[in-house]
1. Quick one, which of (1) 58, 17, 11; (2) 25, 22, 16; (3) 36, 16, 13 is the actual semi-axes √(5λ) of the Cα gyration tensor in Å calculated for this model?
2. Under 15 Å from the Cβ of residue 122, count the other residues' Cβ atoms, weight Lys and Arg +1, Asp and Glu -1, and hand me the total.
3. Can you give me the distance in nm between label points at residue 43 and residue 5, each placed 7 Å from the Cα along the Cα-to-Cβ direction?
4. Mind checking region 1-99 for GluC sites (Glu not before Pro) that DSSP puts in a loop (not H, G, I, E or B) and that have at most 13 other Cβ atoms within 10 Å?
5. Cα-Cα over 19 Å: which of 26/126; 28/73; 4/138; 119/150; 28/126; 28/52?
6. Determine the per residue accessible area of the chain with all protein chains present and a 1.4 angstrom probe, expressed in square angstrom.
7. Within region 105-151, list the trypsin sites (Lys or Arg not before Pro) lying in a DSSP loop whose Cβ has at most 13 other Cβ atoms in a 10 Å radius.
8. What part of the accessible area of the chain, given as a whole %, is carbon or sulfur when the probe is 1.4 angstrom?
Amino acid sequence: MGPKFILLADANKIAYIEIAPNGTYKIKEQTNGTLAHTNHYLEPDLQWANVKIGDSSRIRYTRIEELLTSGHKPYTLQDFIAFSQDQHDGPDCSIWRIGSTPQKTQTLAALAVYIPKNKGPRLYIKIRTAPDEQGKEKIYTMSADQLFPKKNL
């Protein structure tokens, strides 16, 4: 099944879970600050599961860490959207990968969830509708209540 990485957040904590092929897992959580993840194991006890750390994964992780440490906090939804669209490291290794050729890996979607204190979450979803054609995207922004409306019981 391959590597599994899960990012979780609420108004008080953020966490990621790394699940190795044998079912071993590690959780990293924080009350304040930021967490980032790409496509390789970060936790020391799961390093054995990294068959190969791809250049793109390593470069994208370094870049998002750079953006998160150099930005002005608190971050806004617009900041997270800008981070997801970053193309600093070219078509194949940027956070938003467009691929230098149609056969290269491309980013097909971005999801940002902004959870402000004392307000409901805001969601941003960008989906590439034609992977080989840059600019063919659908973008949705909405509140969590719009996505998951409360039903009268």
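1. Identified label for the calculated read-out: (2).
2. Numbers: positive: 117, 119, 126; negative: 10, 79, 145.
With Lys, Arg at +1 and Asp, Glu at -1, the net is 0.
3. 1.4 nm
4. Working: sites: 18, 29, 65, 66; in loops: none.
In loop regions of region 1-99 (DSSP not H, G, I, E or B), there are no sparsely surrounded GluC sites (Glu not before Pro).
5. On the way: 26/126 29 Å; 28/73 21 Å; 4/138 26 Å; 119/150 16 Å; 28/126 27 Å; 28/52 22 Å.
From the list (26/126; 28/73; 4/138; 119/150; 28/126; 28/52), the Cα-Cα distance tops 19 Å for 26/126; 28/73; 4/138; 28/126; 28/52.
6. Each residue of the chain exposes 66 Å² on average to a 1.4 Å probe.
7. On the way: sites: 117, 119, 122, 126, 128, 136, 138, 150, 151; in loops: 117, 119, 136, 150, 151.
Qualifying residues, ordered by number: 117, 119, 136, 150, 151.
8. Working: 5530 of 10150 Å².
Carbon plus sulfur share of accessible area: 54 percent.
The values are calculated or read from the model by the stated rules, or taken from the named source; none is laboratory data. Here the structure is a predicted model, which means the values were calculated and not measured. Methodologically, a virtual Cβ is constructed for each residue, glycine included, from the backbone with ideal geometry; neighbour enumeration extends over all protein chains shown. The area values use the complete protein model at the heavy-atom level, side chains included, leaving out ligands, DNA and RNA. Shrake-Rupley method; radii C 1.70, N 1.55, O 1.52, S 1.80 Å.
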